[in-house]
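The values are calculated or read from the model by the stated rules, or taken from the named source; none is laboratory data. Please read all numbers here as calculations on a predicted model, not as lab measurements. As a convention, Cβ positions derive from the backbone with ideal geometry for all residues, glycine included, and neighbour counts pool all protein chains shown.
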Amino acid sequence: MNRVPLAERMRPSKLSEVLGQEEIIGEGKILTEIVRKGEPVNLIFWGPPGTGKTTLARILAHEFKADFVEISAVTAGKKDVEEVVARAKVNWNLKTRTVLFVDEIHRFNKAQQDAFLPHVESGLITLIGATTENPSFEVISPLLSRSRVVVIAPLSKDAILEVLKRAVKAEKVSKRVTKKALDLIAELSGGDARSALGDLELALSLADKVDEKVVMEAAGRKVSHYDKKGDKHYDTISAFIKSMRGSDTDAALYYLARMLEGGEDPKFVARRMVIFASEDIGLAGNGALSLATACFQAVERVGMPESGLILAHTCIALSKSKKNRDSADAWFKAQGLARKTLNEPVPVWLRNAPTKLMKDLGYGKGQKWVSGFHLDKNYLPDVIKDEKIFKSTL
C-alpha cells in the first residue's frame, strides 16, 4: 500500500502540468513570465483550498533553483522564523536563493509578519504566501506593497475531470472506475482537486469497481468538518449574523462557537461584527462600532483560544443592542445615486477657489461661515437636488 496520499503523488512538477489556471499560466501570463525572466518575485497566492497554491510555490522555487522552505502559519512560531532567516543567510553566502513559502499566511499576526519584512526588503528571502482570505485585510500593507497578489481560481469541473483521468491512468485503475463515477466526484469536489483525489482514493479502497453508489458512500464516509470555503462557512456566518440581528443571544453564541470549533479565523468573525455594528445597529447604539473595533484589535493581538472570550463578550453586547438600519439604508441609496450621476458637476458655489480665475468664474461664491455651515442653498447636483437620502426612523 502506498502511504503517500494520491493527491501528493499527482502533484504537478512543472507549470505545463498545472490545470485550470489559464489566467495566470501560459504565454504572456504572470507566472509564466516570472519563470521566463528568471527573477524571483514576492507573491501572495489568494484562492480557495485545493487549487494548487502550494504546488505553484514549489514549482517556482524549483525553476529558480532556490532552496525551498515551507512553513505553516498555523503551527510556526518565532523560533521557526529565526531558523528560516539563519538558513537564508547561509544560502546567501553560498549564492543560493531562498524561497520561503508561508501557508495560511493570514494566520500570522502583525508582529509575525513584521518579522519577515526586513529580510524580504533586503532580498535575503523571496516570500510566497498562500491565503484563502482577502490579503487586503490579512496581510500587512508594507508586505503587501512589496508583493504581487495572484488570484488562484477554483478549478472548473472539466479541469477536475482531467485531474481525475490523469490519476486513474497513472495508478492504472482506469478499468475499475466508471465515467459516471468520475463525473460525480468532479461534481462533488467544488473546484477542489485535493478533495476530488481524496474521494477517488477512498472510493478505490472501498470497492473493486467504483460506480456512483461507491462514490456517494466514499463522500459520506469523509469526516464532517467546517469547510471555510463552502456552504457550511457561508451558512454558519449567515446564521450568526441573522441571530444577532434578531437579538437571539443564545443562537448567536452557538453559531459563534461552531465557527471557532471548526477552525474559522477569529479575525474573520470579528471583522463581520465590525460591519454588523454599523449596518444593523448603526445610530441606535453609537458605541457598538467602537466596541466591535476594539474587539477586532484585541483578537488580532491576543490570538486563540482566549479570543473566544472577547468574541463572545462582543457578540452578546451586539445581540442585545437595539437595531437601526437608517445609516446603512442611506449609504446604499447614496451609492446608487452616485453611480448614476458620477459625471454631474458639483454646484459652482461649493467648489474650491484657489486661484483668481476660479473666483472670477464664481467658484465658491456665496460661501460664508455660519453656525453649522448651513446656508439656504442646494448642496446636491441639480439633477438630484430634490432627493432625500437619509430618512430617520429614530
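A few points about this structure:
- The residues listed here are Glu187, Glu104; of these, the one that is without any contact (Cβ under 8 Å) to a residue 60 or more places away in the chain, more than 30 Å from Glu82 (Cβ to Cβ) and of a type outside the set (S, T, N, Q) is Glu187.
- Tally of residues being assigned to a loop (DSSP other than H, G, I, E, B) and either touching a residue at least 12 places away in the same chain (Cβ under 8 Å) or under 18 Å from Ala252 (Cβ atoms) (or both) across region 314-348: 10
So that you can scan it fast, the table gives a plain yes or no per residue for (1) assigned by TED's automatic domain parsing to the domain that holds Arg301; (2) modelled with pLDDT under 90; (3) touching a helix residue (DSSP H, G or I) at 6+ places or on another chain (Cβ under 9 Å):
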| position | (1), (2), (3) |
| --- | --- |
| Phe137 | no, yes, yes |
| Ser141 | no, yes, no |
| Leu161 | no, no, yes |
| Lys172 | no, no, no |
| Leu184 | no, no, yes |
| Leu202 | no, no, yes |
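- Some residue of region 323-331 being over 14 Å from Met273 (Cα atoms), aliphatic (A, V, I, L, M) and modelled with pLDDT of 85 or more: yes
- On inspection, Arg36 fails the criterion of being basic (Lys, Arg), over 30 Å from Glu162 (Cβ atoms), over 22 Å from the mean Cα position of the chain (by Cα) and in the same structural domain as Ser122 (by TED's automatic domain parsing).
Yes/no matrix, rows are residues, columns are (1) modelled with pLDDT of 90 or more; (2) under 22 Å from Gly191 (Cβ atoms):
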{"site": "Asp80", "(1), (2)": "no, no"}
{"site": "Arg87", "(1), (2)": "yes, no"}
{"site": "Leu94", "(1), (2)": "yes, no"}
{"site": "Leu100", "(1), (2)": "yes, no"}
{"site": "Asp103", "(1), (2)": "yes, yes"}
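- Checking region 218-230 against the condition returns a match, with at least one residue being surrounded by 14 or more Cβ atoms within 10 Å (Cβ to Cβ), part of a helix (DSSP H, G or I) and at pLDDT below 90.
Here is a yes/no grid of residues against (1) more than 25 Å from Ser136 (Cα to Cα); (2) among the hydroxyl-bearing types (Ser, Thr, Tyr); (3) crowded, with 18+ Cβ neighbours inside 10 Å:
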{"site": "Pro49", "(1), (2), (3)": "no, no, yes"}
{"site": "Gly52", "(1), (2), (3)": "no, no, yes"}
{"site": "Phe64", "(1), (2), (3)": "yes, no, yes"}
{"site": "Val69", "(1), (2), (3)": "no, no, yes"}
{"site": "Val74", "(1), (2), (3)": "no, no, no"}
{"site": "Lys79", "(1), (2), (3)": "yes, no, no"}
{"site": "Glu83", "(1), (2), (3)": "yes, no, no"}
{"site": "Ala86", "(1), (2), (3)": "yes, no, no"}
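- Answer residue from region 130-155, given it is among the hydrophobic types (A, V, I, L, M, F, W, C) and assigned to a loop (DSSP other than H, G, I, E, B) and is surrounded by the most Cβ atoms within 10 Å (Cβ to Cβ) among those: Leu155
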